[in-house]
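Read through the structure below, which is laid out as structure tokens, and then see the notes.
What follows is calculated from the coordinates using simple rules that are stated; it is not laboratory data. Because the structure is a prediction, the values reported are computed rather than measured. Here Cβ is always computed from backbone atoms with ideal geometry, including for glycine, and neighbour counts include all displayed protein chains.
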Amino acid sequence: MIKSAATARTHQNELDPIDRLEDKIKRLVDLIAQMRADEAKAAEANARLGQEITALRARLADAESASTEISALRDEREMIRSRVADMLEQLEAI
């Protein structure tokens with residue numbers, strides 16, 4: 001009986017490292033699964049942000065174009081005011 005108890009204890013001691021190794025492997029597998037999920041989320045966020053950057057660049061180009069157009073229209077308005085003022089002066093001279 002003592003011999004079988006000692007054998008059982010020895011057998012259990014041999015299994016303990018295997019059980020610990022199994023637990024470590026399970027934790028590693030879980031960690032890898034979590035990292036893959038995090039990587040997928042990061043890739044989705046990266047793609048979304050890339051699309052936002054593209055959209056914002058398009059809006060910026062439109063705004064710059066509008067700004068250029070506004071500047072040209074202001075210059076044209078000033079030129080027209082000047083010409084109208086010249087015409088009014090000529091009419092007053094008559």
Would you calculate the separation in nanometres between label points at residue 75 and residue 59, each defined as 7 Å from the Cα along the Cα-to-beta-carbon direction? 2.8
How high is the FRET efficiency from residue 94 to residue 68, r the C-beta distance, R0 30 Å, rounded to 0.05? 0.15
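Excluding residue 76 itself, calculate the net charge of residues whose Cβ lies under 11 Å from the Cβ of residue 76, where each Lys or Arg counts +1 and each Asp or Glu counts -1. Present the calculation step by step, with values, prior to reporting the outcome.
Working: positive: 74, 77, 81, 83; negative: 69, 75, 78.
Its environment carries a net charge of +1.
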